[in-house]
Every structure is written in C-alpha cells, then in structure tokens.
Amino acid sequence: MNKKTDGLNNVQEGILKASTIYDILVVLYVGVDTIDSPKYIRNYSESKANNSDIEDYIKIGQLIDELLNLGVSFELFKRNLKFTLEQSSDFRNICIDILIQFDQILAERDEYLLLKQNKKMGLNKLYLKGPLNQEDSEYGLYLMPEEGIADMSPVLRNNRIRCFVDESKVNSLLQNYTIVRKRGGEPDIFIKAYNNSEFEHWFCRKNQEIKIAVIPFYNSKWFKENHECYEERNYFTIEEDTVFTDEINRAYIQILEEMDSCDVDIVVFPELAMAGSTKRTIQQWLAEQCLKNGDFNIKLVFMGSYWNYDERSNCCTLLSATGVPLVENHKKIGFNLKEGGIKYYEDLQQRPEKLELIDVRGLGRILYFICRDALEEVDQAFLQNEYFVNIEVISCYSVSLSYFESAMQRFAQAHNGISVVGNCCEARKENKKMGFIAIPGTNMNSGNNNVEGLIYYYDNNNSCENCRIGKCQCVYTLYPMAEHENNGYKTIRVIKDWIYSHRLDIRRRF
C-alpha cells in the first residue's frame, strides 16, 4: 500500500466514524497535517488556479449545500463524501477545499440549522467554542476569538505585532476556526463564549471606558501555613483560618458594593483570597443584585483562588454578573518558598485535567491563571499562539514581580495582549509596587514597531496602620478608543485611581 492510498484509507475510515460535521473537518485536517503539508497547500493552489479539478470542487460544493440545507442526511453525506474522495485525482485537494469552504460557513453558522448551537448553558448566555468535535481525542476544533479591545481600538489594532503565522500548516488558510493538535499529558483546553451585551454596547458609546479594580486585599496572613518535612522534599499547605471567614465574606461584599458605586466593570482578587464559603456567598449576593438592582455595574468578578486543604488543590473562579461560574481553573505548577533556610514545595497533589478560557465580545479571549502557571513559557507560548489569547488575568500571592513583568511585556509585544496581575499586600510588604496592568504600546520613533508592554503599577502610598481586609482598592480606567502618548510611546489612555476607606484618596493620570 502506497503513501497516498494509506492516507486516503485513514481519511475514509475517519469519515465513517464521524458523529458531527466537526468530526469530519478534523478528519480531513489530520489527512493533510503532515510533514508534507506545504506541498499539499501548493498543489491545491495550483489546482485551483488551473481549474484542473473543477468538477470535483463543484460536486463537493453541491454536496455541502445539500447537507447545510438539510437536503441529505448526515449518513448519506458521509457516504457520498467518501466516494468523491476515492474518485478524485488528489483527495488532499478536496480535503483542503472543504476546510476552506467551512471557514466561511462557520463565520455564518447561525444561518444554518445544522450548525446552530444552544447558546444558553445555565442562566447566563454561554456556549461552547471548542473543542466542537467529539470523536478525535488528539485534535480539537475551536472557533476563533470574538472581537476584543485590541481589534476595536484604533491605536492597538494598527500595532505591528511580532506574532508570526506558521504558513506551512493548513491552519494558515483559515480565519474563522482553527484545529489544534493537543499536547500529551497536558490539560484539555475548553473555550466558552459569554454573551454579555454590555461589553459590546460599550464600544458604541462616546468616550468609551472600562474600569478594572484590583484588590490588594490585606497586609497580614489571613490563612494558616503548615509545613511538612520529608527526607527527599518538604511541603507546605494552606489551611483556612476560620477566625477570618466571616470577615473575608463581608469584605468581598463591601468591596463589590463599593466598586459598583464607582461604576467598575471588572474586579480582580488575588490568589488565596477566598475562604471555603466565599464563592457560594458571592454567587448568592450577585444573583440577588441582578434581581433587585437594575443599575448594577459589575460584569465580571475574578474571585481569586481558594486553597482546598482536604483536596490539596488551588482553584481560581471567574463569576458573571449574575453569579454563574464562567471559568474555574486549578493551579498546575506549585509555588516554592524558603522558611528558616529550608525549601518547601506547594503540596498540590494532582495536575489539572482541563483548562478553561472564555470569550467575551468587546474584551477578547481571556485566560485566567493562578500565579506561577503564568510563568511557564512553553504553556504560555502554546496557548497564546494556538488559541489566540489576548487578555490574561493572573491572581497572585508572590513576593516577586520581575518574572511576571517580563512575561506580560512579551505577551503585549508579541500578541497585542493586555494583562492584569493581581497581587496582595502581605506578599510585598517591603515594596509598595504590588501588581500591575500591562498594555501594548508602539515606539513612535521606530516605525511604530510594537514595544514591550507598558506597565502601570499599583503602588499604595496610603498608611497601612489601620488596614483591614479589603480597605484598599486600585481602579484602572482604560479608554481603548483614545490615543495617548507616554514617554515617546503611543498607547491607549489609562487613569489610575486609589480608593481607600471608601473615599477617593489619590488620582494619577498617565
């Protein structure tokens, strides 16, 4: 059996096993995603230019129309497709042509009953953007991100970013969906879309702004830190200190009430901020606000993380304005610390099975990470390049920011990415710069080349003597449609406000 026949047989077998049209697209892609894919792309381009396989292309176009218009059953479509591939002069040309045809079809998927999705998962408007295929466990088909800040902002969308497309892959011919080969031993990637019309309508208003509040939380430990020593390696665990539980839950509510009164859109808490009952408490509170407060402003709450002592896990949660969990990600890479000259490792006892991302039209594709997970360069490159992440939110409990600074500056430069690093006071007692927002910028003196991200720190200059949990908040107001010059760099306008003890204390303009 020669290479061509072997490849055709594999594609035909995959088609017969397919349960959905997405399964078929993955099967076709796998058939051309080989070391020879540049040659296949060239052959297809030449075939289209010379009209050498025009009859095959017409047949396939008619077959797809019949399927989309429910003129043939899915099983009959599969049998006819299998036969057409078998009769074609080069089945790989047909594979590529179908993949390209569905690129436009998936952009208009709501027009076809076969491709429509149920866009209500729970009480909020959620729907799955990938993986949409069911049969193949090695590849996943994902719809491309919704338009976000970098796409809509005039100053950002004109940036000359340094992210390069691998044109040796058939994916380079697609714009509205992508097919990704999974990495063995790594979490499965799930991407959902959240239809919050407020973010989309926000771009239609004059003087568009979006407010992001970062909560430094507390300048003393509100949890118990336990140490366990063994011959080969030492571990630490985090245990809830129930003395603080009620205060933490009250502080969350008070902070959200204060942020709502300040017209804040997004609130970000740090790592370890939650007590065991905090998620449930805030879910209920947000649901109540949705019912009784028609002017409620907060749209997303990045809750920080909860360290579960019984499960030895560290999980962050993103809630919608109605209290529905949009994203829940477990920490993959543990932190290590030194106490009394002894090194301790965070006692995380299971690698996460999945990683969730969320698309929000008007914001972009959002990745929510816990602390050190955002510093794993291989993971970051894979997620940013293959899944087109353009916003990262990182909840931290970290004594150092330098690695986060360099990682997020690269993200801004290579992907036009915007990032929020939410840290807490207790971890940075010796340095008032606790966390930051990083925004893309261009150097006006070097051909508008995109530069490493511009960092806006939150550096509290208030007195901490009478600090309690949540007394201090930093609010960033972003104006994506406004152009701003910052020390020779062109970027969007950013204003930083400090709110302390429920009054506006410091305002700095950049």
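The values are calculated or read from the model by the stated rules, or taken from the named source; none is laboratory data. The structure displayed is predicted, hence computed values, not measured ones. Virtual Cβ from ideal backbone geometry, glycine too; neighbours counted across all protein chains shown. Accessible surface areas use protein heavy atoms only, side chains included; no ligands, DNA or RNA. Shrake-Rupley method; radii C 1.70, N 1.55, O 1.52, S 1.80 Å.
Tabulated data
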item: Share, in percent, of DSSP beta bridges within the chain that are antiparallel, nearest 5; result: 75
item: Lysine pairs with alpha-carbon atoms under 14 Å apart, the stretch 1-159, spacing 8 or more or separate chains; result: 8
item: Sum of -39500 (n - 2.57) over DSSP H runs of 4+, divided by residues of the chain (222 nm, nearest 500); result: -9500 deg cm²/dmol
item: Highest-first arrangement of 179-191, 271-283, 340-352, 251-263, where packing means the average Cβ count within 10 Å; result: 271-283, 251-263, 179-191, 340-352
item: Degrees between helix 245-261 axis and first principal axis of the chain (Cα, 0 to 90, nearest 10); result: 70
item: Largest to smallest principal axis extent of the C-alpha atoms in the stretch 337-488, angstrom; result: 52, 43, 30
item: Cα-derived Rg to Rh of the chain, Kirkwood definition; result: 1.01
item: Highest-first arrangement of 143-153, 490-500, where packing means the average Cβ count within 10 Å; result: 143-153, 490-500
item: Highest to lowest packing among 409-418, 310-319, scored as the average C-beta count within 10 Å; result: 409-418, 310-319
item: Surface share of carbon and sulfur [accessible, 1.4 angstrom probe, percent] for the stretch 191-295; result: 42
item: Dipole of the chain, positive direction: furthest Cα of 190, 487, 249, with charges on the beta-carbon; result: 487
item: Average accessible surface area per residue within the stretch 394-475, 1.4 Å rolling probe, Å²; result: 35
item: Proximal lysine pairs, the stretch 165-282, alpha carbons under 24 Å, eight or more residues apart or interchain; result: 7
item: Within the stretch 360-510, percent of DSSP bridges classed antiparallel, to nearest 5; result: 75
item: Given charges at beta-carbon only (K, R positive; D, E negative), |dipole| of the chain in Debye; result: 980
